[in-house]
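Report on the structure given below.
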Number of protein chains: 2
Amino acid sequence: MNLLNGGEADYVVTGAWSKRSVEDAVAYGKINIAASSEAEKFTNVPAYSSWKLNKNAAYLHICTNETINGVEFDGLPESGDVPIVADMSSHILSRPIDVTQYGVIYGGAQKNIGPAGLCIVIVREDLLGKASPLTPAVFNWKTQAENQSMINTPPTYSIYIAGLVFEWLLAQGGVAAIEKVNIAKANLLYDYIDSTDFYVNNVALKNRSRMNIPFFLKDESLNDAFLKGAEANGLLQLKGHRMVGGMRASIYNAMPIEGVQALISYMQAFESAH
Amino acid sequence: MNLLNGGEADYVVTGAWSKRSVEDAVAYGKINIAASSEAEKFTNVPAYSSWKLNKNAAYLHICTNETINGVEFDGLPESGDVPIVADMSSHILSRPIDVTQYGVIYGGAQKNIGPAGLCIVIVREDLLGKASPLTPAVFNWKTQAENQSMINTPPTYSIYIAGLVFEWLLAQGGVAAIEKVNIAKANLLYDYIDSTDFYVNNVALKNRSRMNIPFFLKDESLNDAFLKGAEANGLLQLKGHRMVGGMRASIYNAMPIEGVQALISYMQAFESAH
């Protein structure tokens, strides 16, 4: 509603959320699927050279970390003059990003920022003012920018909690410091998964998410026993999304490395027992 | 976006918020102002008999309590087959209402329900499914109803806090019990204001809000001194909205009668001193 306005846009589909973005966008203009990994069950980001980009697109939409599928971008394509619009909901603040490479960055707060119900949008100034007149005022970036994001009462308490999280993150050393922790956490879990035949992660090495690590037991008849034992060990919410199945470990900024170590210890014990 | 879809609708303008609703609606269809009290500076609800209602309207929109202007509806007009859509943001849960009289009731949570950022919408079932195809999924009542208001992750923590407020309200005896307290609180303050020439409230008696009580000092040069002294006495946020000026006491469910008594004591002392 803010950029397309009946025009054309490119979308790259690398998982459940970028697919949902297409479904939500089709009412507003001509949507071109520039690339998709759906045929490979969303286990990679298609090679940039294979993307069919449209030079007349109002924007190129990507989801830089697919929460459900555990797929993370390992860079950005050359999009020329077409601004990149990125849904960063599930990995924003997990690693430094160069905001100048994007036209729009957006995301829900509920992973690394604060409570669900707060959203963040970062818009390049020249992209303001392109909204359809049918854009509701609370969704209109220009109206919000002109009103310091307070066209209506904003979610004040959620903003307050986000402020506490920002202070906590700064106390950890900021985004560059937490990235090192996130790399260490992710490597620990992927290395263990890759070291055994008992568990498997199917995502291409270069696109494995640092935040969301889906994995499967080779013998899926053990899924219920795995989850029951995990819960008994205080390891919660490990069931994979119903669209993907299996298991998923979400290890956002707030998860300490000790949590990942505890998960691996349990996974090793479960493997030995079965 | 959910009801109008290029058609016609009636709006009644009784203050700042119903006026804003018109401004937001005009992009979506033909808006008829059925009645307005703007010429009287929003100090009443125009007599129902004077409303110019359109039988072909998709709905009749009202704001049953105007937060900024302190104007509350004292009943409902006969609207025939035209469903009434009511913005109840600032007095919902302050008094019993008969939901069957409305097509749609909506409001922000931040007065009597919970934190800002949570919204409530109550829709008569036959009014679902009339949305424009350009309605964003999170705003589409039918889509939300089909997904139990969880088309995306809802504001979970705000919902949790709202649950605590509901428990508190039930412990007070529920909406019927809190209404008695609200009547007592409002009467106390209006009676005092009416008993003196030092302060004045200009709203028609039958439309005086129980939640938001704007008042003016006859000598407005004392405004700053009044506010400074109020703050020193722990009486906060009394400055009237910039659109109205003067003072405003918002006495939502959470404000105990002792708070109103403290305000009146201060107002009496200030009057004596000046």
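The values are calculated or read from the model by the stated rules, or taken from the named source; none is laboratory data. What you see is a predicted model; the values in this text were computed from it and never measured. Cβ placement follows ideal geometry from the backbone for every residue including glycine, while neighbour counts extend to all protein chains displayed. Side chains are part of the model used for accessible areas, which takes the heavy atoms of the whole protein and leaves out ligands, DNA and RNA. Shrake-Rupley method; radii C 1.70, N 1.55, O 1.52, S 1.80 Å.
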Restricting to region B:92-113, name every residue that is within 14 Å of chain A (Cβ to nearest Cβ) and open to solvent by 20 Å² or more (accessible area, probe 1.4 Å).
B:Y106, B:Q110, B:K111
List every residue pair whose Cβ atoms lie under 7 Å apart, where the two residues are 6 or more positions apart in sequence or sit on different chains, the first residue falls within region B:163-191 and is in contact (Cβ under 8 Å) with a residue 60 or more places away in the chain, and the second residue, located anywhere, is of a type in the set (D, E, K, R).
B:V175/B:R95; B:E179/B:R95; B:N182/B:R95; B:N182/B:R210; B:A186/B:R210
Only one residue in A:T135, A:T100 is hydroxyl-bearing (S, T, Y) and farther than 30 Å from A:I183 by Cβ. Which one?
A:T135
Checking A:L164 against (1) over 27 Å from A:Y48 (Cα atoms); (2) outside the structural domain of A:D98 (by TED's automatic domain parsing); (3) not basic (K, R), the condition it does not meet:
(2)
I want to confirm something. Restricting to region B:123-161 and keeping residues that are part of a loop (DSSP other than H, G, I, E, B) and away from every other protein chain (no Cβ under 14 Å), which single residue is surrounded by the fewest Cβ atoms within 10 Å (Cβ to Cβ)?
B:Q148
From the residues in region A:162-214 that are part of a helix (DSSP H, G or I) and polar (S, T, N, Q), which one is surrounded by the fewest Cβ atoms within 10 Å (Cβ to Cβ)?
A:N187
Being in contact with a Phe, Trp or Tyr (Cβ under 6 Å, 6 or more places away or on another chain) and of a type in the set (A, V, I, L, M) is the filter; apply it to region B:2-30 and report the residue that is nearest to B:M88 (Cα to Cα).
B:V22
Kindly check whether there is at least one residue in region A:217-225 that is farther than 25 Å from A:N112 by Cβ, crowded, with 18+ Cβ neighbours inside 10 Å, assigned by TED's automatic domain parsing to the domain that holds A:A184 and modelled with pLDDT of 95 or more.
yes
Exactly one condition in (1) over 30 Å from B:I161 (Cα atoms); (2) of a type in the set (G, A, S); (3) more than 22 Å from the chain's Cα centre (by Cα) is not met by A:G246; state its number.
(3)
Take B:A86 and decide whether it is surrounded by fewer than 23 Cβ atoms within 10 Å (Cβ to Cβ) and not in a loop (DSSP other than H, G, I, E, B).
no
When you scan region A:25-52, how many residues do you find that are surrounded by fewer than 15 Cβ atoms within 10 Å (Cβ to Cβ) and within 13 Å of another protein chain (Cβ to nearest Cβ)?
1
State the number of residues belonging to region A:29-75 that are closer than 27 Å to B:P136 by Cβ and at pLDDT below 95.
0
Between A:V99, A:V82, A:V123, which is over 17 Å from B:N152 (Cα atoms), aliphatic (A, V, I, L, M), touching an Asp or Glu at 6+ places or on another chain (Cβ under 8 Å) and not assigned by TED's automatic domain parsing to the domain that holds A:E179?
A:V82
So A:I120, is it within 30 Å of A:E258 (Cα to Cα), open to solvent by 60 Å² or more (accessible area, probe 1.4 Å) and within 14 Å of chain B (Cβ to nearest Cβ):
no
Look at A:K19 and say whether it is in contact with an Asp or Glu (Cβ under 9 Å, 6 or more places away or on another chain) and not in a helix (DSSP H, G or I).
no
Under the condition of being part of a loop (DSSP other than H, G, I, E, B), open to solvent by 40 Å² or more (accessible area, probe 1.4 Å) and among the hydrophobic types (A, V, I, L, M, F, W, C), which residue from region A:226-264 is farthest from A:V181 (Cα to Cα)?
A:M243
